[in-house]
Every structure is written in C-alpha cells, then in structure tokens.
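Asker: Questions regarding the structure given below will be posed in turn.
A short reminder: the numbers here are calculations on the coordinates, not readings from a lab. Keep in mind that this is a model prediction, so the values were computed, not measured. Don't worry about glycine lacking a Cβ; one is built from the backbone with ideal geometry, like all the others, and counts go over all protein chains shown.
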2 protein chains.
Amino acid sequence: MRTESKPTIQDVAKHASVSIATVSRVINNQGGVRAETEKRIVHAIKELGYVRNAVARSMKKKETKMIGIIIPDINNPFFPLVVSGIEQQARKKGYYTMLSNTSESPIVESEIINILVERGVDGVVITTADEYGKQFQILQEQGIPVVALDRRINEYNFDSVLIDNIDGAYQATKQLILQGHQDIAIICGPHSTTPGRDRFAGYLKALSDYEIPLNDQFVVQGSFSEEGGYSATRTLNELEVRPTAIFSSNNLMSIGCIKALQDLEWRLGEEVAFIGFDDIEIATFTKPKLSVVSRPMNALGELAFQLLHERILANEVFSPRNYLLSPELKIRESCHLGNIRLNHKRS
Amino acid sequence: MRTESKPTIQDVAKHASVSIATVSRVINNQGGVRAETEKRIVHAIKELGYVRNAVARSMKKKETKMIGIIIPDINNPFFPLVVSGIEQQARKKGYYTMLSNTSESPIVESEIINILVERGVDGVVITTADEYGKQFQILQEQGIPVVALDRRINEYNFDSVLIDNIDGAYQATKQLILQGHQDIAIICGPHSTTPGRDRFAGYLKALSDYEIPLNDQFVVQGSFSEEGGYSATRTLNELEVRPTAIFSSNNLMSIGCIKALQDLEWRLGEEVAFIGFDDIEIATFTKPKLSVVSRPMNALGELAFQLLHERILANEVFSPRNYLLSPELKIRESCHLGNIRLNHKRS
DNA sequence: GTGAAAGCGCTAACAG
DNA sequence: CTGTTAGCGCTTTCAC
C-alpha cells in the first residue's frame, strides 16, 4: 500500500488551516497553542497518518538520541548479556540503541564506525576487534563520546570499562595450584587482544608466585572460538606428559575444549581438571560441573552507558575514566581431581 | 576534543576554492571532475576532517540504506544466529542493519517501530512480540516493506519466513511414539504466539495419528524461558503417573527442563526420554545427548533479507510471499529409554 | 496564540 | 568540467 508520498508537516498544516510552526509546536508538546487549534491539528495528523520525520528533525537539532553499540561477536553469549545492560539504561534515559556486529573483522568495524558517525550518533560503546587500529580517529576528530568496553583501546583517551583479566586468570590458576596441580596448561586467546594477553599474564603470575616453572608446552594458542579451544586441547592431548589441569581463556574456547575432551576420551575430573574464563550455559550440565571465572556482564553494560551518557551531556572536556571490574571465581566441581593421582614429576 | 562544529561541504568548498556541487561530485564518486581539482578537494577533506553528513543526505535522497531488525530476545541464541544470516546478506547489498531487542515487550516493540519509521528505515525484519498488535499499522501506512520472521503477523499482508512448527513438533512426537512411548508430555510455549500454538498442534496431530489419547495432565504451559521449562517440569514430576517422555517447545525451555530433571533426580534417558525444539549448545554435553528439532537459522535470516530487498527495490505492489522452511529432526540419544520399562498402563 | 521566514547540509537539475 | 540554485522536512527566532 505504497502511499503517494509521506505526508509532511506542510500537509498537516494545510489540512488544519494553520501554519507549520503551530503544527511543530503541537508535535513537540511545547504548549502555547489554543486547545481548539490543537484539537484540529491532532485530528489532521491522525487523518493523514502523519509521522514526524526524525531525519529532518536531527538535521536541525544536531542530536539524534541514538547511540551505537559495536560488538565483535553476536553469537558469543557474553555480548548479548552486556548489550542488555546497556539497552536497559539507555532506554531509561530516552536513548535508542543501534547494535552492530563486526564478526571480529577490523574492516567491518571501520565501516560501521563511519556509518555511525555519518548518521550522527550521540555516542558509541565499542568492544573493538582491533585495539591498535586507526578507525577511531574519526570518532575522536568529530568529538563523539566513546566508551571502550571489555577491550582497551590504545592511543586514544576514551573512557573504558574493563574486566580485571589478570586477576581473574590469577585466581583460577591459583585455585588449580592449591588443589595440588603442577602441570597446568593454558589455552590462550590471541595476544593481539587485551583479554588474550592479560589472562596469560595472570596465569604466569600465579605460577611464578607459587614457584612453579613455566612449561612452554602447556601454553597453547587459539582464536577466541570453539574451534580454537578444540584444537588447542588436541595439541595438549598429544603431549608425552599431559597436563593435569587446563585453564581456558574464553567461553567459546571452553566449549571447544570440553568437546575435545569428550571426543578424545580424556576424562574431565578424573584425568584432567578444568577452569574456564566466563560462565557458560553448559557449565552446570557437564559432569563434573565446570568451575569458572565469571564476569558481571550486566554491570559492565550499565556502567558503560552511564559513562557515555555523562560525556554526552557534558560540555567541557574531562579526562578519561577507567574502570576495572573484578570477576568472580565460581568454584563448582571441575577443578579438583578426586582421588586420582597427579603427575608430580617435578615435586 | 569537541571541535568547534563539524565541517560541512561548504567549508570544504571554500577551502578548495570550488563550489559545493563539485565537492559533492567528488564525495559521491560521480566522476566528471578534473583530476587536479579532485586532488585539491580530497586534500581539503583530509585537512578539515570532513565527514559527509548522512542525515542531510538521507533527507534529500529519501532512502537511508538502513534496515531495522527487531527481535524479541537477544539472549536467546536462536536470534543472534538468524541475525547473522540477515546481516551477511544485507552487507553484500550495501545495507546497514540496526538491531533492536524488545525483550518480548509489546510496548517496547511499538516504540522501536515508531523510531525506525521516524528514522526512515528502508525496511524491517521483525519477529514480533505481539502478533495481534496494532503497532504494524504505521509500517503499512508508510508503505515500509516488512518481513515477518519466525512469527506470523496476522491481519497484515507482510511477507513471511516461517518454520513449519507443526511438522517439527509432529516429527518429534512421532519419534517418541515410535520408540514405544505412550505417556508423552509437552511443555508448551505461550498460545499467544504462532510457534506456541503450532508446536502444540503438531504434538496433538501425532498423538491422534497414532491413536494415543490426549492426557490433559501431560500438557503444561510456560513462557518461552528457562524458568518456564523449569517449573513445567516440576509440575510434570508431581503427577501420580509421570510421563515417560517429554517434548519441550523451545530451546530455553529445554534448558530449564534439563536443569529441573537434574535437580529432581528424575533420570534423563532412564526414567524419562526427551526431545526439544531447537538445537542448543548443551545438547551434546548432557548424558545422554539430547535429540532435537533443529531449525535452519542462517537460511531463515538470509531468505528474510532477500525478500525484503526485493520489496525495497520493487516499485509496484505485489502480493505477499510466505515461506515455510522445514526443520530437521536430529536424533541423538535422549529419545529412547534403553531397557527401562515404560508405563504402558493404557496399552 | 499564531505565522513568516531563515536555514540545517546535502543532492540534483540546469546553466554556462 | 564547474557553478548556481532550488528544495528535502523540520525547528526556531522574530514579528504581528
């Protein structure tokens, strides 16, 4: 039912025999219009099926009440949870959120940033796919408020809401050590990302604090994906001396790891202990249940929006705020090995 | 670093000593500009940090190259997967997608639709939270192409891409029957939704085809959520005669159901068989592995965008296309009961 | 209370 | 090849 062309404020004005200025007043509830006139206008709006054109409006007002959210992987359940937190707060303050997914592609990310800037979003919350990229330049130039979420953005002074990844990994590794493990492997994420690097650092720190020498063979790399965790676990399985415990750096990797364990018949909880970064749905369905490092997703999102909002409202420039939220170690069952003996070759 | 105010095409023109028309030609790669002039303009653009204002542009062009995607639950993994399919196709055709989440709230949905219309999206793909609502009126009036995805929209002639829910549920139930089950319970979703109703219909049809009388006690209701599945399962567990098999209508409900089974120590695969609608991550981590009805998420999304795109491009009005994709039954381990005896009181 | 008119930044004829 | 100009639909003074 393609109508001729959408009715404009002009049409409404004509229909109600008033000027467009008066119609505008009514549309925006500015008052100062005689009740009778208003009624006529409201009637005309209904009759014509008029809808205010937000594009034209933004053009005058120089604000869009839209904020962009850019995430790297919509299929990683972590992000939808964070997004919910942002949305919730944004809605309260009358902002509309546009969510975009880069699928970890710096190119796509760059395109999206450009589109958002062109469309004049009032601010953006981003978990970047490329910490060192130049794609943020334009945001900075245009003076658009940005909050970096979960992944640091180097060389730009944006606000940030991050997780203390070092601490999280440290706690997990420490827990494993206290359970008597010495041969602890880590499935690392890409070192090109803050979380990848930091979680490795936390692992290292725990080993060092408890004077356990680092065994290079127990450090395997992968992308933050199921496949990454799967193949890393296979690698680990082929070692002459297999680790007695595995720390996985990311939720998707954990899934891949557990799948591999099953496929390889490398018995979780009997032959190998496990702690993963991020809580996952399957954690309580495996046997034994998985111990994990859990992040406050909702809080992360809420805080991010709050910071963004403050900056949108602010007139002056002020220095960046950097928040570091603490993850929580959720000990379930997978981190100790019952009565099965550990290798302890080195002790 | 809030700049004075963003540079416009005017500023660029002045800076390069040309007219705005020429700048516009360069910006839009329309050619017909002397190389030397172009270079000067490009230089000016760089120098000033100019970015084309898409708001103003859309205002002239009457197209935004944006399509809106509205989903009811971003935390249900089904939707991100569908969204990926849409995004992928949209990107190929030069469209940018704005994703919005209604959290199953008709009110929020209505607001979002209004915002999208005001912003002049070229089309919208929607999985509605309210099949019978009036919120679509505005889309129809404005002649904005709409594709209903996964949930039918009644009383409006939009294109639709749905799943054959009846068939999916039928297959699942039939499978259970063929395994020898007679006491088959169904955990239903809300009857206010197409999937809720249709899946129940498929269940009914299978029972009827195999001449198994319907037992009202085996039909329990719940919302499409983990909680819904959990409490429904508890209800089932309290029956004097418990079912020997459960068909769960939705992925989240399946998770809740399995959790309840664990908590109640109602042994999956021994005391009760299970098939769920939608494949879920945990399906292969439970013991036994869960049999499920699986939907082609990606195909669903791709097709939806394709239909939308055709309509955006079309000038004439043509009648709605309705697609019904078939789900696939993935038989794993949870639908037979090994050598445990079935009730068979009625046989 | 209401209206006239000046743009917001851009595109697209239409002239040169 | 390049410039002039007329809007797109709306908000917002400034008059009446």
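Asker: Got a sec? How would B:D73, B:D11 order by Cβ neighbour count within 10 Å, fewest to most?
Answerer: B:D11, B:D73
Asker: At what distance in nm do the modelled label points of A:E155 and B:I331 sit from each other, each positioned 7 Å from its Cα along Cα→Cβ?
Answerer: Inter-label distance under the simple model: 5.8 nm.
Asker: Then there is this: Identify the residues of region B:143-186 with backbone N under 18 Å of a label point that sits 7 angstrom from the Cα of B:E271 along the Cα-to-Cβ direction, or state none.
Answerer: B:182-186
Asker: Then there is this: Per the Kirkwood formula on distinct C-alpha pairs, the Rh of region A:152-298 is how many angstrom?
Answerer: 15.2 Å
Asker: Let me ask something else. Mean residue ellipticity at 222 nm from the helices of chain B, using -39,500 (n - 2.57) per DSSP H segment of n ≥ 4 over the full residue count, to the nearest 500 deg cm²/dmol?
Answerer: Value at 222 nm, helices only, nearest 500: -13000 deg cm²/dmol.
Asker: Against the longest principal axis of chain A, how steep is helix A:297-313, in degrees 0 to 90 to the nearest 10, with axes from Cα atoms?
Answerer: Around 40 degrees separate the two axes.
Asker: Among bridges DSSP assigns within the protein assembly as shown, what percent are antiparallel (round to 5)?
Answerer: 10 percent
Asker: I'm checking a number: the convex hull volume of the Cα atoms of region B:9-52, normalised per residue, in Å³. What is it?
Answerer: Once divided by residue count, the hull of region B:9-52 is 56 Å³.
Asker: Okay, next question. Evaluate the charge dipole of the protein assembly as shown about its Cα centre and quote only its size in Debye, nearest 20, assuming +1 on the Cβ of each Lys and Arg and -1 on the Cβ of each Asp and Glu.
Answerer: Result for the protein assembly as shown is approximately 2040 debye, rounded to the nearest 20.
Asker: Using alpha-carbon pairs under 8 Å, 6+ residues apart, how would you state the relative contact order of chain A in percent?
Answerer: 16 percent.
Asker: Given Cα pairs under 8 Å that are at least 6 residues apart, what percent is the relative contact order of region B:45-133?
Answerer: 40 percent
Asker: Averaged across A:134-141, how many Cβ atoms of other chains sit within 10 Å of each residue's Cβ atom?
Answerer: Going residue by residue through A:134-141 and averaging, the value is 2.
Asker: Quick check: pseudo-label points 7 Å beyond the Cα along Cα→Cβ at B:Y132 and B:D263, how many nm apart are they?
Answerer: So the label points at B:Y132 and B:D263 sit 3.2 nm apart.
Asker: Where does each of B:I69, B:I115, B:I107 land when they are ranked from fewest to most other beta-carbon atoms within 10 angstrom?
Answerer: B:I107, B:I115, B:I69
Asker: Where the label is 7 Å out from Cα toward Cβ, how close does B:E47 come to the same position in every other copy, in nm, shortest first?
Answerer: In nanometres, ordered from closest: 5.5.
Asker: Using Cβ contacts closer than 10 Å as the measure, can you line up B:T64, A:T37, A:T128 from fewest to most?
Answerer: In increasing order of surrounding Cβ atoms, one gets A:T37, B:T64, A:T128.
Asker: Further, regarding this structure: A:K287: which lysines have alpha carbons under 21 Å from its alpha carbon, excluding same-chain residues fewer than 8 sequence positions away?
Answerer: Leaving aside lysines fewer than 8 places away in the same chain, those within reach of A:K287 are A:K259, A:K330, B:K259, B:K287, B:K289.
Asker: Mind checking the dipole of region B:165-295: about its Cα centre, +1 per Lys or Arg Cβ, -1 per Asp or Glu Cβ, Debye to the nearest 20?
Answerer: Dipole size: approximately 220 debye.
Asker: Follow-up. A:K205: which aspartates and glutamates have alpha carbons under 16 Å from its alpha carbon, excluding same-chain residues fewer than 8 sequence positions away?
Answerer: Within the straight-line cut-off, A:K205 pairs with A:D164, A:D167, A:D183, A:D216.
Asker: Mind pulling the per residue volume of the convex hull built on the Cα atoms of region B:1-130? Å³ is fine.
Answerer: 149 Å³
Asker: OK, next. With every atom except the alpha carbons ignored, what do you get for Rg and Dmax of chain A, in angstroms?
Answerer: 26.6, 93
Asker: Could you work out how far the C-alpha centroid of region B:1-73 sits from that of region B:143-179, in angstrom?
Answerer: Answer, in whole Å: 44.
Asker: Could you give the nm distance between label points at A:D216 and B:L214, where each point is 7 Å from its Cα heading toward the beta carbon?
Answerer: Spacing of the two 7 Å Cα→Cβ label points: 6.9 nm.
Asker: Given Cα pairs under 8 Å that are at least 6 residues apart, what percent is the relative contact order of region B:165-295?
Answerer: Averaging sequence separation for qualifying contacts and normalising by length gives 25 percent for region B:165-295.
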